[in-house]
Amino acid sequence: MKKLFRTGLAVGLLFAAGAPARAQAVANGNFEAWAARNGVDSPTGWLTIDEVIGALSPIRFATGTFTKTTDTHGGTYALRLETKATLFGIVPGGVTLGTKLGALTAAAPAGLPFTGRPTTLQFYYKLTGAQPPVAINGAFTEVSLTRSVNGQSVIVAVGAQKFTTVTSAYALAQVPLVYASSATPDSVHVSFGSGLINISTGAPTGGTAGTVFQIDDVAFTGTATATRDAALAAALTVAPNPGPGGRYVLRAPAALLAAPLAVVDATGRTVRREGPPAAAATARPLDLAGLAAGVYTLQLFTSKGLITKKLVVE
């Protein structure tokens with residue numbers, strides 16, 4: 001795993017909200033429960049940056065980058081993440097939902113069982129620190145819903161947001177989830193960080209010392225339905241499919257084809273991205289030559305929503 005937080009996920013919604021917004025609990029999303037782990041007071045049900053470092057290095061140390069605070073939006077405690085200078089460099093505070101750290105090569109190495117299809121992750125936050133560094137580096141949240149298919153974790157929905165505006169009073173954050181599938185997820189993954197957590201150098205370092213990100217009252221709202229999916233999907237055709245050599249032609253109204261697209265493999269990894277074509281047209285070539293034979297998912301991010309199609313590369 002190179003990064004615990006990823007960016008570049010702001011794309012159009014695939015599904016319409018099919019139910020009134022209502023809160024759906026996230027385990028210990030109010031950060032009221034804490035317990036000692038490895039000699040450090042830690043939020044119950046959330047893995048910490050200390051535990052990520054411990055999985056990467058034989059040298060364990062307490063970063064001091066995560067604590068509970070009585071400066072809350074509601075209840076007794078909230079989570080306080082602070083980016084600090086350590087002997088191993090600048091380390092942001094970070095937590096990820098879950099109780100067991102999986103393979104660090106996975107896109108979402110922790111997580112908990114979850115079968116809902118919410119439209120939004122919401123929480124209350126404060127962000128403080130010196131400017132302009134906070135505006136440049138920011139704090140982060142990332143959420144994903146996944147489903148295990150043939151032993152592989154496949155993305156069902158994702159969302160992410162970067163925070164760069166200092167606020168000394170609690171503000172509401174609402175992170176929309178972008179659905180790539182109509183499947184029911186089996187796991188949820190939520191992460192927060194007071195800076196970008198990049199562990200490619202052997203330790204999670206990055207951000208600006210002194211940045212403080214406080215989080216409280218984390219919950220999901222809304223329910224996503226596939227009411228728009230069938231109508232949008234019917235407007236797009238792909239031929240030939242299967243595609244000999246991975247070459248296809250997409251056909252749809254020009255307004256739909258004038259959109260960015262992505263191609264995702266069976267593990268949920270994005271293997272191709274394209275921006276909107278230079279000129280609008282009702283036909284658009286797609287060349288996936290060089291990809292291994294198999295089944296892929298085309299994602300077309302139109303202004304009316306996300307259209308998905310299965311592609312078979314021969």
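Computed quantities for the displayed model
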item: Against the rule of thumb 2.2 N^0.38 Å, how large the Cα Rg of segment 229-313 comes out; result: 1.00
item: Whole-angstrom Cα spans of segment 16-224 along principal axes, big to small; result: 48, 40, 32
item: Within-11-Å neighbourhood charge of residue 195 [Cβ basis; K, R +1; D, E -1]; result: +1
item: Only Lys, Arg (+1) and Asp, Glu (-1) charged, at Cβ; segment 229-313 dipole about Cα centre in debye; result: 20
item: Footprinting exposure proxy for 120, 70, 282 (fewest neighbouring C-beta atoms within 10 Å first); result: 70, 282, 120
item: Derived scalar couplings ³J(HN,Hα) [segment 93-98; Karplus, 6.51 cos²θ - 1.76 cosθ + 1.60; whole Hz; x for Gly, Pro]; result: x, x, 9, 9, 5, x
item: Summed side-chain charge close to residue 154 - residues other than residue 154 whose Cβ falls under 14 Å, Lys, Arg +1, Asp, Glu -1; result: +1
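Where a number appears in this text, it was derived from the coordinates with a stated rule and is not lab data. For clarity, every value in this text was computed on a predicted model and none was experimentally measured. We place every Cβ from the backbone using ideal geometry, glycine too, and count neighbours over all the protein chains shown.
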